[in-house]
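Participant: Please find one structure pasted underneath; my questions will follow.
The values are calculated or read from the model by the stated rules, or taken from the named source; none is laboratory data. Small disclaimer: the values here were computed from a predicted structure and weren't measured. In this analysis, Cβ positions are derived from the backbone assuming ideal geometry, glycine residues included, and neighbour counts consider all displayed protein chains. These area figures cover heavy atoms from the full protein model, side chains too; ligands, DNA and RNA do not enter into them. Shrake-Rupley method; radii C 1.70, N 1.55, O 1.52, S 1.80 Å.
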Amino acid sequence: ATRGSQPGTTTQSASMRKRKRDEGVSAKTQDSQAPSEIVRRLLSSFEIENDDGELFRVVSHEPLPQDRRSIYAKRFPELQSGEVFACKCSVQADDDEDAEEDKYKGFVEHLVILTRTQEEKFVPRAFLTEDKISYEQVSPSQLVEYRFSEDDKWHLSVSTRECLESFRRSKFGSWKQQLLKTTCKATLRSLLALGPITRLYDRYALPTPEDELHLYETKDENGKTVHIPHPVSGLRVWDPEASSYAVIQAHLDGAPEGKEAVSEFWDKTLNELREAHGREFIDNLLEEGLKKLNAARARIVASERRPAKKQATSS
C-alpha cells in the first residue's frame, strides 16, 4: 500500500477505476446506439423491396433476441455486432388485386441493421440473403433451422420451408433406390449401419457439421466420394405472426411410421438384400458397418469431453 494510506485504499481505488472504465464503456455503447424514439421513427416508415419487386412495410419491431441472433450470425458474420432489429413486416398486395381483398397478404420478418454514419445519422438497412435452392431473395429468418439430435444445437439451413417440402416428398425413394441398387461394398456397409431412413436429409440444404462429416462419406472402388444420408431429428422455422417457432414435419413421404412399421419394413428390406447378395454377405456387412459407426461415434464423444476433463484437472 502507498505510505500514509489507510488499509484497503489501493483495492478501493482499483475498484473505482474499474467501475469508471465500465461506466465509460457503457456510455460509449449507449452513445453509439440510436435512441428509442429515433428507432421508432425510422422503422415505422421503413419499406423493403426485394428483387422480385415485392414491397414490405414494417408494422412492429424489437431488438433481435440473442439466442436467435447467434444462430443467424454463425452463417452471416455481419449480424454479429451492431444494432439488429427483428421487424414484422406486412406484405403489400399487388396493385392489380381486387380492391375488396385485404390490403396485406401476410407477414414476413425482416432483419434490419441500424448503422451510424459519419454525419451522426442513423440509417436502416435490410439484411437479405439468397435461398440456395430457389435462388429467391429472402430474410435469414425465413430459412429453416434443423438439428440432428435432441441434444444438438440448432443450425441454419440454406433454404425455406417451401423448398424443403418438395425434398421431403422425394427423399425416401432416393434413399431406398441407393440402398437396393448400389454396387459399392463400402456404400452398402454404411447404409446398412445407419438403418432405415425415415426423416429428411440433404447434404446441401441440411449440411452435416464438419466434425461428423466422415461418418457420412465413404469411397467407392474408384476412389470417388459417396455421400451417405444424414437424417435430421427436427425442423423449425420462425413464425412472425405467432412470434414463436413453428415445428415443421421432418418425416419423409412414403416412409413407414411407428416403431413396429419401421421394424417390419427394415426386416423386409434386409431380406430383399439377402436374396440379392446372399445372407452371409449382408449380415457380415451389417455387423462390420455397425462396429465402424459405433467406434467413430465414440471417438467424437471422447473428443468433445476431453477439453472439459483437462479444465477439471487444472482446477
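Participant: Only residues that are open to solvent by 30 Å² or more (accessible area, probe 1.4 Å), of a type outside the set (Lys, Arg) and under 17 Å from the mean Cα position of the chain (by Cα): list them for the range 65-93, please.
Facilitator: Scanning the range 65-93 gives PRO65, GLN66, ASP67, SER70, PRO77, GLU78, GLN80.
Participant: Scanning for something open to solvent by 20 Å² or more (accessible area, probe 1.4 Å), in contact with a Cys (Cβ under 9 Å, 6 or more places away or on another chain) and not small (Gly, Ala, Ser), does the range 225-238 turn up at least one residue?
Facilitator: Among the residues of the range 225-238, at least one is open to solvent by 20 Å² or more (accessible area, probe 1.4 Å), in contact with a Cys (Cβ under 9 Å, 6 or more places away or on another chain) and not small (Gly, Ala, Ser), which makes the answer yes.
Participant: Kindly indicate whether any position in the range 174-189 is over 25 Å from ASN284 (Cα atoms) and open to solvent by 50 Å² or more (accessible area, probe 1.4 Å). If you could, list the steps in order and put the result at the bottom.
Facilitator: Our first condition is that a residue be over 25 Å from ASN284 (Cα atoms); within the range 174-189, this holds for none.
The answer is no, given that none of the residues of the range 174-189 is over 25 Å from ASN284 (Cα atoms) and open to solvent by 50 Å² or more (accessible area, probe 1.4 Å).
Participant: Can you tell me which residues in the range 46-59 are under 18 Å from PHE107 (Cβ atoms) and either of a type in the set (S, T, N, Q) or touching a residue at least 24 places away in the same chain (Cβ under 8 Å) (or both)? Show your work before the answer.
Facilitator: Keep residues of the range 46-59 that are under 18 Å from PHE107 (Cβ atoms), which gives 46-50, 52, 54-59.
The answer is PHE46, ILE48, ASN50, ASP52, GLU54, LEU55, PHE56, ARG57, VAL58, VAL59.
Participant: Only one of ASP202, ASP211 is of a type in the set (Asp, Glu) and surrounded by 14 or more Cβ atoms within 10 Å (Cβ to Cβ). Can you tell me which?
Facilitator: On the way: ASP211 fails: surrounded by 14 or more Cβ atoms within 10 Å (Cβ to Cβ).
When all the criteria are applied, what remains is ASP202.
Participant: Please pick out the residue among ASN271, ASN294, ASN284 that is modelled with pLDDT under 95 and either closer than 28 Å to ARG169 by Cα or in a helix (DSSP H, G or I) (or both). Can you show your working first?
Facilitator: Details: ASN271 fails: modelled with pLDDT under 95; ASN284 fails: modelled with pLDDT under 95.
Only one candidate qualifies: ASN294.
Participant: Among the residues of the range 204-262, what is the count of those that are assigned to a loop (DSSP other than H, G, I, E, B) and under 27 Å from TYR135 (Cα atoms)?
Facilitator: Here is the first cut: in the range 204-262, the residues assigned to a loop (DSSP other than H, G, I, E, B) are 204-209, 220-224, 228-233, 240-243, 249-250, 252-258.
Of the ones still in play, those that are also under 27 Å from TYR135 (Cα atoms) are 204-209, 228-233, 240-243, 249-250, 252-253.
Looking only at that region, the number is 20.
Participant: Further question: Restricting attention to the range 60-83, which residues are touching a residue at least 24 places away in the same chain (Cβ under 8 Å) and either in a strand (DSSP E or B) or under 17 Å from SER243 (Cα atoms) (or both)?
Facilitator: Restricting attention to the range 60-83, the residues satisfying the condition of being touching a residue at least 24 places away in the same chain (Cβ under 8 Å) are 60-62, 64, 68, 71-72, 74-76, 78-79, 82-83.
If the condition is that a residue be touching a residue at least 24 places away in the same chain (Cβ under 8 Å) and either in a strand (DSSP E or B) or under 17 Å from SER243 (Cα atoms) (or both), then SER60, HIS61, GLU62, LEU64, ARG68, ILE71, TYR72, GLU83 are the ones that fit.
Participant: Taking the range 151-162 as the region of interest, how many residues are open to solvent by less than 20 Å² (accessible area, probe 1.4 Å) and either under 12 Å from ILE248 (Cβ atoms) or polar (S, T, N, Q) (or both)? Break it down stepwise before answering.
Facilitator: We begin by selecting, within the range 151-162, every residue open to solvent by less than 20 Å² (accessible area, probe 1.4 Å); these are 156-157, 159-160.
Next, only the ones that are either under 12 Å from ILE248 (Cβ atoms) or polar (S, T, N, Q) (or both) stay: 157, 159-160.
Within the range 151-162, residues that are open to solvent by less than 20 Å² (accessible area, probe 1.4 Å) and either under 12 Å from ILE248 (Cβ atoms) or polar (S, T, N, Q) (or both) number 3.
Participant: Using the structure shown, decide if LEU128 is more than 27 Å from GLU257 (Cα to Cα), open to solvent by less than 50 Å² (accessible area, probe 1.4 Å) and touching a Leu at 6+ places or on another chain (Cβ under 9 Å).
Facilitator: Working: more than 27 Å from GLU257 (Cα to Cα): yes; open to solvent by less than 50 Å² (accessible area, probe 1.4 Å): yes; touching a Leu at 6+ places or on another chain (Cβ under 9 Å): yes.
It is true that LEU128 is more than 27 Å from GLU257 (Cα to Cα), open to solvent by less than 50 Å² (accessible area, probe 1.4 Å) and touching a Leu at 6+ places or on another chain (Cβ under 9 Å).
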